[in-house]
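What follows is a set of notes on a single structure, which appears directly below.
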């Protein structure tokens, strides 16, 4: 199968290739935000009862940092030697769902977001695991697969009318797992550059130094 062709010898369309080949971790986001149109379905063929309103996605991907025990998946019964100083769990607005004591405001709005605790993988390397999470495929396969942002750009291209590029990365593209893969440079992310720790954040190539 060649990813840069509209169809193969058996008549498989590009959309079908995307449907079967791209969606892994990316598909969980794309299918939810784009609705039936992402799969070529009509409203009548979809079992969804609520119209999809989301038009944009902000993905916050943390490289290490906070432990799940200290944030989204507290384990108060495990003992302090396992949970550390932030092991206290607080009740949320959803019966039976607890969050870390560090998230009191999120706990009040738990009925407005979805929390997935059952996803896991057996990869120990950060970079390889990140590639899997962003593309839905293991690194080392023949093709370089596109990241979730590139998939969104592809599926929204016909109706996107925004001023900003459809796929923006802050502040540096972190390797192959934030790139466009076999979709080609048209779906490459716009990388802002700059230093977010400065008092005045500047996007490289957009705001000239010295102009306020």
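No value in this document is a laboratory result; all are computed from the given coordinates. These figures come from a predicted structure and were not determined experimentally. Because the Cβ atoms are built from the backbone with ideal geometry, glycine has one as well, and the counts that use them run over all protein chains shown.
Label point of residue 113 set 7 angstrom out along Cα-Cβ; within region 56-77, amide nitrogens under 18 Å from it belong to 56-75. One equal scatterer on each Cα of region 47-201, no solvent, Debye formula: the resulting log10 I(q)/I(0) at q = 0.12, 0.21 Å⁻¹ is -0.75, -1.28. Taking other Cβ atoms within 10 Å as a rough exposure proxy, 164, 143 sort from fewest to most as 164, 143.
Subtracting the Cα-Cα distance of residue 68 and residue 172 from 0.36 nm times their residue separation leaves 34.9 nm of extension gain. When its C-alpha radius of gyration is set against 2.2 N^0.38 Å (N residues), region 148-195 gives a value of 1.11.
Footprinting exposure proxy ranking of 61, 103, 113, 152, fewest other C-beta atoms within 10 angstrom first, gives 113, 61, 103, 152.
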